[in-house]
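Structure record follows, encoded as structure tokens.
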Amino acid sequence: MKIAVIDADLLGRRRHRFPNLVCEKISGYYKQVVKLPPENVVLKTDYEHLEEFDRVFIAKVFTDTPVPEWLQHVSQPKELLIRVGRPDAGALPVEKWLEKTVGYKINGKIPVNVGGTGFFFDRAPNLPDVIEHCMPDYHLYDNWIEEKVEQAKKKAECEGREFHRSRFLVQFKEYLEYSIGYLTRGCFRHCGFCVNQKYNRVFRHSHLTEFLDRDRKKICLLDDNFFGYLDWRPLLGELVATRKRFKFKQGMDERLLTPDIAKALFTSNYDGDFTFAFDNISDYDLIHEKLEIMKPYKKGRSVKFYVLVGFASTDWKDIRDTFRRIELLMQYHCLPYIMRYQNKNEAPWKASPLHAMYVAIARWCNQPNIFKKMSFREFCKANQAMKKTPGYCSAMQAMKDFEMRHPTLAEEFFDMKYSDYSD
Ligand code: SF4
């Protein structure tokens with residue numbers, strides 16, 4: 001039997017660099033449980049010649065990742081689509097699951113199983129337990145990475161440049177250095193913009209040993225809301241006991257921060273920036289209170305906040321609320337990372353008359369080296385200085401237009417600077 005595994009985001013998003021855990025688990029299942037020879041489980045990096053396989057799996061995380069026409073209208077039986085509050089729904093015996101999740105048949109006979117939020121958003125069927133709790137195949141992407149290395153090496157040779165393998169491999173660090181998985185799953189908040197709508201609580205999902213590869217240096221947790229799990233302490237203890245650096249991929253829920261959590265987190269062997277979320281201006285006072293709690297523990301560590309914009313509205317009020325959140329974060333020497341809201345059908349900020357303002361703010365904030373040095377006005381001026389043709393650059397134009405209509409807001413926010421605040 002030959003199995004093809006396709007990570008649709010890898011094929012459809014040129015700069016995508018994060019392994020698809022479902023693909024790694026499916027590969028792990030066929031190699032470790034079904035015991036297929038490793039060469040019979042292939043990461044396909046195109047949609048060609050799929051008829052040469054006995055079964056094809058396609059997983060997709062992002063709704064806007066392009067896929068071939070024949071994959072655009074796949075569906076799943078109603079009973080498999082998860083309903084809110086049913087954590088066990090979809091956990092079928094593997095044979096049944098394989099039969100039911102077929103979304104397409106190549107030449108009318110070769111089954112293609114499709115899955116993931118990219119296809120079914122918040123109703124994506126779960127994997128059957130036997131696959132879900134399988135050790136991921138962390139080597140699924142090895143050949144693809146080697147191909148990329150060879151291509152880059154050849155390109156460097158042609159251009160007469162030196163090729164640094166280790167430097168080039170940094171972009172693949174999540175594929176090569178991390179054990180990846182969930183200790184808990186679920187979230188009780190049901191934020192309107194979030195794909196995580198299936199559950200009403202945070203629950204224990206798997207033991208660390210299920211996905212921990214002792215040979216890998218680090219651990220990446222995909223938990224939706226780790227500190228929303230009441231018994232988080234022993235889990236954090238297990239992570240610390242591995243002596244490996246670990247990180248949470250999703251923004252942590254700052255609203256749940258207590259001195260206890262802050263102490264445990266900031267004294268742990270955390271990997272890189274601590275990342276939280278500040279999605280809603282209505283949480284302003286609460287986040288302010290939590291930033292005060294965090295302050296004595298932060299001690300110069302890098303803390304980043306995802307700042308969701310363009311969800312509540314895409315007018316001047318949303319821009320004002322964005323700057324208000326940026327200002328608060330700045331005061332506590334935290335970095336904002338602007339996330340422009342989009343769902344599977346639309347990106348409302350793109351249709352807004354203020355879309356250039358959204359782009360300018362995101363470009364200013366999402367480049368920490370720039371954000372740490374320049375105010376928004378200075379950033380727009382720096383862009384203007386690089387423009388070689390007459391007229392204003394888009395950032396400067398957006399800033400000027402906004403300032404003309406909302407001079408008080410411009411005065412309040414356009415000149416504030418990260419470097420004016422101390423940690
Ligand atoms: S708190 Fe986070 S994980 Fe939970 S629903 Fe909101 S955005 Fe999603």
Legend entry - Residues that are of a type outside the set (D, E) and surrounded by fewer than 17 Cβ atoms within 10 Å (Cβ to Cβ), drawn from the range 257-280: T258, P259, K263, F266, T267, S268, N269, Y270, G272
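Kindly establish whether D215 is in contact with a strand residue (DSSP E or B) (Cβ under 7 Å, 6 or more places away or on another chain) and either under 21 Å from G116 (Cβ atoms) or surrounded by fewer than 22 Cβ atoms within 10 Å (Cβ to Cβ) (or both). Even if it seems obvious, please write down each step before you answer.
Details: in contact with a strand residue (DSSP E or B) (Cβ under 7 Å, 6 or more places away or on another chain): no; either under 21 Å from G116 (Cβ atoms) or surrounded by fewer than 22 Cβ atoms within 10 Å (Cβ to Cβ) (or both): yes.
No; evaluated as a whole, the condition is false for this residue.
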Legend entry - Subset of the range 169-218 that is small (G, A, S) and more than 30 Å from A347 (Cα to Cα) - its residue that is modelled with the highest pLDDT: S179
Legend entry - Answer from D129, D137, D142 - the residue that is without any contact (Cβ under 8 Å) to a residue 60 or more places away in the chain, more than 29 Å from D253 (Cβ to Cβ) and more than 16 Å from the ligand (Cβ to nearest atom): D142
Inset, instruction - Specify which of the listed residues (P125, P136) is in contact with a helix residue (DSSP H, G or I) (Cβ under 9 Å, 6 or more places away or on another chain), buried (at least 19 other Cβ atoms within 10 Å of the Cβ) and over 27 Å from K218 (Cβ atoms). - result: P125
Inset, instruction - Please specify each residue of the range 277-294 satisfying the condition of being within 16 Å of the ligand (Cβ to nearest atom) and touching a Pro at 6+ places or on another chain (Cβ under 9 Å). - result: F278
Legend entry - Which numbered condition P353 fails, given (1) over 19 Å from H190 (Cα atoms); (2) under 18 Å from the mean Cα position of the chain (by Cα); (3) assigned to a loop (DSSP other than H, G, I, E, B): (2)
Inset, instruction - Run G300 past the list (1) free of Cβ contacts under 8 Å to residues at least 12 places away in the same chain; (2) part of a loop (DSSP other than H, G, I, E, B) and report the number of the one that doesn't hold. - result: (1)
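The values are calculated or read from the model by the stated rules, or taken from the named source; none is laboratory data. Keep in mind it's a predicted model, so treat the numbers as computed, not measured. Positions of Cβ are generated from backbone atoms using ideal geometry, with glycine treated the same way; all protein chains shown enter the neighbour counts.
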